[in-house]
Amino acid sequence: MENLVHNIFTNEAVAAVLPYVKEFLRLITWVPIVILLIRWVRLLYAPKTVDEPFAILSLKNGNTRYEINGYETAIGRMKNSDIVLNYPFISRNHAVICYRKNKWYVFDTGSSGGVFVNGREIKNGKEIITGDTVAFAELEFVFGASYDMDDSRDIYSSAEKAKKDGLKKTNRKSKKA
């Protein structure tokens, strides 16, 4: 038995098999790379649709609605803002609404008119929840999260509530009724 084991693992046997093992390892090294490349290309060409916005800002009178479609949304008078509010009392870079650590926040970015949450002016960031009144200078909005980002069981509850309250779905930018 010892001779058989010794004969199987001799230098000649290992030397004979070694090129095949090296070739096999060289070939399978490319498999994960090819798989990752295929996934990356599929992601590039996948449709990028958002059925429901992350959150909404609706003017208190209900005539205008802005959709928040990202984790950070710039609000101001400048054309490169995510939400453009073209009013003289709105600063060029008025505020930012962010989703951080499973909560929504609004930040005043040094505006001249101020940012108010439920009637109180904020100087730094302030957490906001569905139903809060958020005012940029004189312009008052009602904030509504479309769904709890961590709870997929009830993803349309706030959006359905907004529809019942008479809010109309519009594009990302404002549309006057």
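Values computed for the structure shown
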{"read-out": "Residue list for segment 104-143, filter: touching a residue at least 24 places away in the same chain (Cβ under 8 Å) and more than 22 Å from ARG77 (Cβ to Cβ)", "value": "TRP104, GLU127, ILE129, THR130"}
{"read-out": "Top-ranked residue of segment 26-59 - restricted to ones that are under 22 Å from VAL96 (Cα atoms) and modelled with pLDDT under 85, ranked as surrounded by the fewest Cβ atoms within 10 Å (Cβ to Cβ)", "value": "VAL50"}
{"read-out": "Residue satisfying all of: in segment 89-100; open to solvent by 50 Å² or more (accessible area, probe 1.4 Å) and within 16 Å of THR73 (Cα to Cα); farthest from the chain's Cα centre (by Cα) among these", "value": "ARG92"}
{"read-out": "Flag if GLU23 is charged (D, E, K, R), open to solvent by less than 90 Å² (accessible area, probe 1.4 Å) and under 26 Å from CYS98 (Cβ atoms)", "value": "no"}
{"read-out": "Count - residues of segment 101-117 that are in a loop (DSSP other than H, G, I, E, B) and surrounded by 14 or more Cβ atoms within 10 Å (Cβ to Cβ)", "value": "4"}
{"read-out": "Odd one out for THR73, checked against (1) open to solvent by 90 Å² or more (accessible area, probe 1.4 Å); (2) at pLDDT 90 or above; (3) among the β-branched types (Val, Ile, Thr)", "value": "(1)"}
{"read-out": "Close pairs from segment 81-103: first farther than 18 Å from VAL117 by Cα, partner in a strand (DSSP E or B) and of a type in the set (Gly, Ala, Ser), Cβ under 7 Å, at least 6 apart", "value": "SER81/ALA74; ASP82/ALA74; ARG92/GLY76"}
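The values are calculated or read from the model by the stated rules, or taken from the named source; none is laboratory data. Because the structure is predicted, anything quoted here is derived from the model rather than measured. All Cβ positions, glycine included, derive from the backbone under ideal geometry; neighbour counts span all protein chains shown. Protein only, heavy atoms only, side chains kept; ligands, DNA and RNA dropped before computing areas. Shrake-Rupley method; radii C 1.70, N 1.55, O 1.52, S 1.80 Å.
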